[in-house]
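Values in this text are rule-based calculations from the coordinates and carry no lab data. The model shown is predicted, which means the values in this text are computed figures rather than measured ones. For neighbour counting, all protein chains shown are included, and Cβ atoms are generated from backbone atoms with ideal geometry for every residue, glycine included.
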Ligand code: HEC
């Protein structure tokens, strides 16, 4: 009698298993039955939803399918940006980081370099990159100090300095291994602004005495 409870539980479990597998009330697979099937997991077989083109009295138009709101831009439509430039949404290096019609990354930032672009990049970098990469991009941001992210890339690594702007754009847009995607947070032009600023940060560490003008060198010696 000592084993009775465990034997009883086993029998119950086997019975339940067979039941789920298709015996009992469910009927064997392939067998016809007039009874409605027992649904153990109805999933989303039946749901309250509107089928396309059905009459529907909820909307003023009386149909379930609605037109896109005014101002909606089709994916293939050219986009007019704040600075007046117009480019197609897809297949434009500004949006993809690739040369148009190719999978190769663009070598250089497709946006024209300007002081305003760098300033915008500085601003966005400090908000969206500095928490992890640090204000100077050396990978010593607050997330490292708090030990939330123990290994953050140093953006001054020769490997990253040598990367094309398009590849960095790709990393920023979609993320890479432990770095999440920043693309959904900031629009493409701001990502390019960040990259322009990142290049300035990298250059600030790569500069040599030879980059200075004679006057600047003289000023240094004082
Ligand atoms: C939440 C933290 C976090 C933020 C925010 C973040 N990064 Fe990163 N980033 C990382 C980590 C961690 C790595 C290292 C990923 C790895 O290789 O494991 C990395 C790697 C990189 C790399 C090197 C990728 C490679 O190919 O090895 C680049 C370039 C980069 N980040 C740029 C940026 C820029 C620019 C921003 C701001 C727009 C940014 N990151 C924002 C955490 C972050």
Pseudo-spin-label distance residue 126 to residue 178, built 7 Å along Cα→Cβ, given in nm, is 2.7 nm
Region 107-206, Kirkwood Rh and Cα Rg, ratio Rg/Rh at 0.93
Quick note on 63, 14, ordering by fewest other C-beta atoms within 10 Å, gives 14, 63
Residue-normalised 222 nm signal for the chain, counting each DSSP H run of n ≥ 4 as -39,500 (n - 2.57), nearest 500 deg cm²/dmol, is -11000 deg cm²/dmol
When 43, 91 are ranked with the fewest other C-beta atoms within 10 Å first, the list becomes 43, 91
Of the convex hull drawn through the C-alpha atoms of the chain, the volume per residue in Å³ is 328 Å³
In degrees rounded to 10, the 0-90 angle between helix 188-206 Cα long axis and the longest Cα principal axis of the chain is 50 degrees
Taking 0.36 nm per residue of separation between residue 103 and residue 6 and subtracting their Cα-Cα distance, the length gained on full extension comes to 28.6 nm
Computed over the chain: longest principal axis from alpha-carbon atoms vs helix 4-21 long axis, angle to nearest 10 degrees, is 80 degrees
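What list do you get for 162, 135 if you sort them by fewest beta carbons within 10 Å?
162, 135
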The helix 115-128 Cα axis meets the longest alpha-carbon principal axis of the chain at an angle in degrees, between 0 and 90 and rounded to 10, of 40 degrees
Taking Cα pairs closer than 8 Å and at least 6 residues apart, the relative contact order of the chain in percent is 14 percent
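What's the FRET efficiency of residue 91 with residue 186 using the Cβ-Cβ distance as r and R₀ = 22 Å, to the nearest 0.05?
Efficiency, from the Cβ-Cβ distance: 0.55.
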